[in-house]
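Report on one structure; see the data block that follows.
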Amino acid sequence: MLGEQVWGDIGLVAFATRLGCVVNINTNAELISPQVALQLVKSGLARIHISLDSADYKIQSQIFRSHERVDKVLRGIFNLQIARNLLGFSHPQIHINCVLTNLNLFQFPSLLRFLLDIRETLPDNPLSGDLAFYLIPVGGAENSNLRPNAEQWRKFYTETWQESEKVWREYQKSIGINER
């Protein structure tokens, strides 16, 4: 919302990185146009945390309460990746904040697969790079209707997490990392 005061050549991010600070930003990525992405990359931003909760367009639209927001978030992620490639930088790393609700809890393996498909890795370390994720249980009294119950959490940890682990192992195998 502060625009160039945050991402511009003399904005907060560039100022802090010139002082030697490691700077992270949390954003919904909706306003990351190609110009903003280039500026964020040039500024020295280390990491950017973006909210994305489901690979299923309908579920994500329901969580965001808007179809347009899903497109804008994905466009923001891709703009950052393109800007890094154009400028030849490996930063900022893009991290995903995934809020787990009863709408997306069992969709996590699909989200993981999607993130791994669009992930960019560093040539010298295929396990480093984009789209690390943070799983965050939904909070707040106003979201009590979205909070998974005990049985849903049990199923997530006993079934969904195992399915996600298979997705991760398949990915590692596809990039040449063998199980030990």
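The values are calculated or read from the model by the stated rules, or taken from the named source; none is laboratory data. For clarity, every value in this text was computed on a predicted model and none was experimentally measured. Don't worry about glycine lacking a Cβ; one is built from the backbone with ideal geometry, like all the others, and counts go over all protein chains shown.
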Checklist entry - Which strands (runs of 3 or more DSSP E) does segment 53-171 wholly contain that include 1 or more residues that are at positive phi? => result 125-129
Checklist outcome for this item: Residues in segment 1-39 that are without any contact (Cβ under 8 Å) to a residue 12 or more places away in the chain and among the β-branched types (Val, Ile, Thr) total 1
Next on the checklist: With the structure loaded, tell me whether residue 116 is closer than 17 Å to residue 53 by Cα and at pLDDT below 90 or whether it fails that test.
Outcome noted: yes
Checklist entry - Only one residue in 22, 41 is within 26 Å of residue 64 (Cβ to Cβ) and either at pLDDT 85 or above or of a type outside the set (Lys, Arg) (or both). Which one? => result 41
